[in-house]
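No value in this document is a laboratory result; all are computed from the given coordinates. If you're wondering where the values come from, they're calculated on a predicted model, not measured in any experiment. Reconstructed Cβ throughout: ideal geometry from the backbone, glycine too, with neighbour counts over all protein chains shown.
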Amino acid sequence: MLTQDRPIHLGSDETVSRWVWFKVWIARLIFRGSFAEWFDREMNHSGINILDSSVPSARFLTQQLLISVLRGRKSATRRLKRKVSCRSVPPCMANIEAVSSHMPSDQSESHDIVFFGLFRSPKGLGQIARSRLAALQTTGLRSARINIEGIDDYLHISGTEDVVNSDEIDNKAILFANPDIYSTLDMYTKRRFWRSKYRVGEWYWELPSLPAPWRGEASKLHEIWVASEFTRQSVAAVHTNVRIVAPAISVRLIDKLEAKRRLGLPEESFTVLTMFDLASYAARKNPLGAVQAFMDAFPLARSEQRATLVIKTHSSTVDNPTAREIRRLAALDERIVIMDSRTDQGAIDFVQSACDVFISPHRSEGFGLILAECMARGKPVIATGYSGNLEFMSAENSFLSPFRLVDVPIGAYPHAEKQVWADPDLDYFVDSLRLIYNNPALAQQRASLARENIESHFAPDVVGRAMAKAISEMGGS
């Protein structure tokens, strides 16, 4: 434990020479909850009065800098410069590169809503949080964002300003994060969000019943937003004020042949796409079902059928049974292409644009963002006819597989005891793949209806109006 007779200063030689030791201790302090006590002691030792308004947000700035240190010294400096500039630099920041003399104001009354979210994360919750900001910007409402620190928040974003620090109490605030990370939020985010007059959480869940730990968090919120009727039914069991507010879907359209050339895929081949994360709970996405459906629909023996299965994933090198089996099948069939790369929107744009059909034999979805994106690109989609994707999929605009409900296997998903999910009919996927291959006109007819549906109900301006209405109906004034 760090003690007062062994102070740590960011600019000291000891910090440089014992960098690994420093990072370990900072991590322990943060996660053991003793960070605040130590920080106050260090501020006092440095002669900084954290209540002195002439040193705005000294405590928060240094706290964020120390958290950033876990990612490396260069990152720490960049993040500090990006977050804020101030007139007075505490001694413990003396070695940080010069920052400008202006600090953006943060008066809560200048914002109609304050967003808290994983805005720099490339994953689904980060993507949806960014889409929320883009949608609201179409309405003229004034918003500000506070980024939640995450281990994969490497994306650069622009637009709505990051709020740095404030002792004001926000009128209305929305937290785009599931309750399982509430306890890991940094102290400033916790303090600011929970002091807001009207607090909204946006939750995503993929099973019929909510996890027991989430139920206690529900009582602290005035309202909960969800993306689908499927999730609304789960959340409504623990909260009386649940509102469906769909995510905004906006995609960059790229010519299919151009995308195939960019990715090195055969231009004349019928390209089937599926996407999932092998390092997560892959069973919910049912990746082996997707591979099996492709291999049954286009057997190797029928050489006249030129088809390619693209598996867009990351962490394909992880050592678990699903990943090992997919690598084995790909080694046996050169038509199976594994694209393993860090997820970013540019890569997703090209891989989705290159496909002729997207398949998702999922067992359950809270919404199904990837499916909606492919439909927005005018791609035919074959998916399980169960859960949140029914918010935008129907028999008229897509290919929905029959299913039966089965118990979730032990260990297949968190908080899944006594829960059920779908077991899709893979024969339907096989037949639909062959139908789309042999009858592209029918496939395109449904895909066109799908794109029209997404544009009509999930475009940023449409979602922005729905958000503005929901915000206007919030309490907190």
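The table below gives the values:
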{"read-out": "Relative packing of 374-381, 277-284, 197-204, which averages over residues the other C-beta atoms within 10 Å, highest first", "value": "374-381, 197-204, 277-284"}
{"read-out": "Estimated FRET transfer efficiency when R0 is 45 angstrom, pair residue 279-residue 300 (beta carbons, to 0.05)", "value": "0.95"}
{"read-out": "Cross-link pairs 123/260; 379/469; 190/312; 312/469; 172/418; 418/469 - those with Cα-Cα distance over 28 Å", "value": "379/469; 190/312; 312/469; 172/418; 418/469"}
{"read-out": "Label-point gap, in nm, between residue 241 and residue 333 - each point 7 angstrom along Cα→Cβ", "value": "5.1"}
{"read-out": "Full-extension gain in nm, residue 435 to residue 292, via 0.36 nm per residue minus C-alpha separation", "value": "49.8 nm"}
{"read-out": "Residue 394 paired with residue 252, simple spin-label distance in nm, labels 7 Å along Cα-to-beta-carbon", "value": "3.2"}
{"read-out": "Efficiency of FRET from Cβ geometry, residue 472 and residue 442, R₀ 41 Å, rounded to 0.05", "value": "0.40"}
{"read-out": "Distance from the range 328-369 to the range 248-297 (C-alpha centre basis), Å", "value": "3"}
{"read-out": "Net dipole in debye of the range 248-294 [+1 Lys, Arg Cβ; -1 Asp, Glu Cβ; about Cα centre; nearest 20]", "value": "140"}
{"read-out": "For the range 199-314, with +1 on Lys and Arg beta carbons and -1 on Asp and Glu, the positive-most of 272, 239, 297 along the dipole", "value": "239"}
{"read-out": "Rounded if a/c under 1.5, otherwise prolate or oblate - the range 356-477, Cα gyration tensor axes", "value": "oblate"}
